[in-house]
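A.B. asks: The structure that follows is given in the form of structure tokens.
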Amino acid sequence: MSQNSPYDPELARRNARMGLRVLGIVVAMVGLSFASVPLYSLFCQVTGFSGTTQRAASLPDTVLERTVKVQFNADVDHNMPWTFKPEQREITIQLGQKGLANYHAKNPMKIPVGGTALYNVTPLKAGKYFHKIQCFCFDEQILAPGQDVSMPVLFYVDPALNDDPNMDDVDVITLSYTFYRAESEELDTALEAFYNAEDGVIKAPVN
């Protein structure tokens, strides 16, 4: 016949505190799992990690003599039916100088298709010095059936790049975009307008 251990109030309190700590850790881990994507995105935008470019409101006041060649690349996801390509392969600009490039996209489908572009630059370490002022990647794009558009990108390369010894070997930067098919309320609205149109055709939106 077994003998029950005597009740120890102090041991019970320690076990309760340990249980609360473990519960707190679990709750924190669950919270971080939901926050990890936006936090990672914010981290990339601030640091330029993984080639993420920066956003800027205006051009810098300084333009240096040093130049870099900026090359342009375009891809589409296998689920995206658009054709998408740069209208120029490369340009050479000075640090701090305004750069303007255009990409061309076309929707060959018979229904509206929306897309969202993801982007980065290589070498990855150049991401924090590549600033975009205007870019189609900031918003979802919806193209009507057969519509083709020119998508401008206004940017500059930060003169601060010249002060970073780690960037001494960088004279070429590649800006890459990949378009993915998007699902959204705006796209649903465009599809509804298309199917409800009397003649089966909707006009491209006027910007």
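A.B. asks: What ranking do 129, 119, 180 get, fewest neighbouring Cβ atoms within 10 angstrom at the top? Could the numbers behind the result be given before it?
C.D. replies: On the way: 129 23, 119 20, 180 15.
The fewest-first ordering by Cβ neighbours comes to 180, 119, 129.
A.B. asks: Can you give the Kirkwood hydrodynamic radius of the stretch 54-196 from its Cα pairs, in Å with one decimal?
C.D. replies: Hydrodynamic radius (Kirkwood, Cα only) of the stretch 54-196 equals 16.2 Å.
A.B. asks: Then there is this: Taking other Cβ within 10 Å of each residue's Cβ, how do 155, 84 sort, fewest first?
C.D. replies: Result, fewest neighbours first: 84, 155.
A.B. asks: If the chain between residue 148 and residue 169 were fully stretched, how many nm would it gain, using 0.36 nm times the residue separation less the Cα-Cα distance?
C.D. replies: 3.7 nm
A.B. asks: Non-local amide H neighbours of residue 66 (under 5 Å, H modeled in plane, Pro and chain starts lacking H): which ones?
C.D. replies: 95
A.B. asks: Using amide H atoms built 1.01 Å from N in the peptide plane, name the residues 5+ places from residue 147, or on other chains, whose amide H lies under 5 Å from its own.
C.D. replies: Close amide H contacts, sequence-distant or interchain: 107.
Laboratory data are not the source of any read-out in this text; all were calculated from the coordinates shown. In this text, all values refer to a predicted model and were calculated from it rather than measured experimentally. Cβ sites come from the backbone with ideal geometry, for glycine too, and all protein chains shown count toward neighbours.
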